[in-house]
Amino acid sequence: MAASGFDVLTWREGASENVEEKLFAEVAHTDDHGEERKWSVADTFVDLPLATTKKTGEVLPIRQISRIVATTGGGTR
């Protein structure tokens with residue numbers, strides 16, 4: 001799919017490597033109702049292992065958008 005120019009959209013569950021803090025930037029968007037939303041995000045590329053090819057080690061190079069999210073207790077993830 002990637003070789004054909006398709007963008008893959010998925011939800012990544014579970015633990016992943018931390019993204020360097022310096023790669024994050026504040027972004028904002030005003031929706032159709034005039035409400036402004038702000039996020040701290042990083043736009044990076046990762047190699048996503050393909051479950052069906054564990055023996056060959058094949059990966060899909062994929063764009064990863066990471067967002068800093070507040071957690072209960074005042075921390076972030």
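Can you give the extra length, in nm with one decimal, that the chain gains between Asp43 and Ile65 once fully stretched, where that is 0.36 nm per residue apart less the Cα-Cα distance?
On the way: separation 22, 0.36 × 22 = 7.92 nm, distance 0.48 nm.
Full extension of this stretch gives 7.4 nm more.
Among Thr52, Gly34, Ile62, whose Cα projects farthest towards the positive end of the dipole of the stretch 18-67, with charges put on the beta-carbon of Lys, Arg (+1) and Asp, Glu (-1)?
About the Cα centre, the residue reaching furthest to the positive side is Thr52.
If you scale each eigenvalue of the Cα gyration tensor by 5 and take the root, what three semi-axes come out for the chain, rounded to whole angstrom and sorted largest first? Before the final figure, lay out the partial values.
On the way: eigenvalues 161, 64, 26 Å².
For the chain, the ellipsoid semi-axes come out as 28, 18, 11 Å.
Counting other Cβ atoms within 10 Å, which chymotrypsin sites (Phe, Trp or Tyr not before Pro) in the stretch 1-59 have at most 10 and lie in a DSSP loop?
Listed in order of number, the matching sites are Phe6, Trp11.
Please list, in order along the stretch 47-54, the HN-Hα scalar couplings obtained from phi with the Karplus expression 6.51 cos²θ - 1.76 cosθ + 1.60 (θ = phi - 60°), rounded to whole Hz, x for Gly and Pro.
Rounded to whole hertz, the list is 9, 8, x, 9, 4, 6, 10, 4.
So what is the accessible area of the chain per residue, in Å², with the probe set to 1.4 Å?
Details: 7110 Å² over 77 residues.
Here the residues of the chain average 92 Å² of exposed surface.
Calculate, for Lys22 and Thr56, the FRET efficiency according to 1/(1 + (r/R0)^6) with r their C-beta to C-beta distance and R0 35 Å; round to the nearest 0.05.
Approximately 0.55, to the nearest 0.05.
How long are the semi-axes of the equivalent ellipsoid of the stretch 1-45, taking √(5λ) for every eigenvalue λ of the Cα gyration tensor, in whole Å from largest down?
In descending order the semi-axes read 24, 19, 11 Å.
Based on the Cβ-Cβ distance of Val8 and Thr76, what FRET efficiency does E = 1/(1 + (r/R0)^6) give at R0 = 25 Å, to the nearest 0.05?
Working from the Cβ atoms, E equals 0.40.
Accessible area, 1.4 Å probe, largest first: how do Lys22, Lys38, Lys55 sort?
Per-residue accessible area, sorted high to low, gives Lys55, Lys22, Lys38.
The values are calculated or read from the model by the stated rules, or taken from the named source; none is laboratory data. Note that the structure is a prediction, hence the values are computed from the model and not measured. Note that each Cβ is placed from the backbone with ideal geometry, even for glycine, and that neighbours are counted across all protein chains shown. Accessible surface areas use protein heavy atoms only, side chains included; no ligands, DNA or RNA. Shrake-Rupley method; radii C 1.70, N 1.55, O 1.52, S 1.80 Å.
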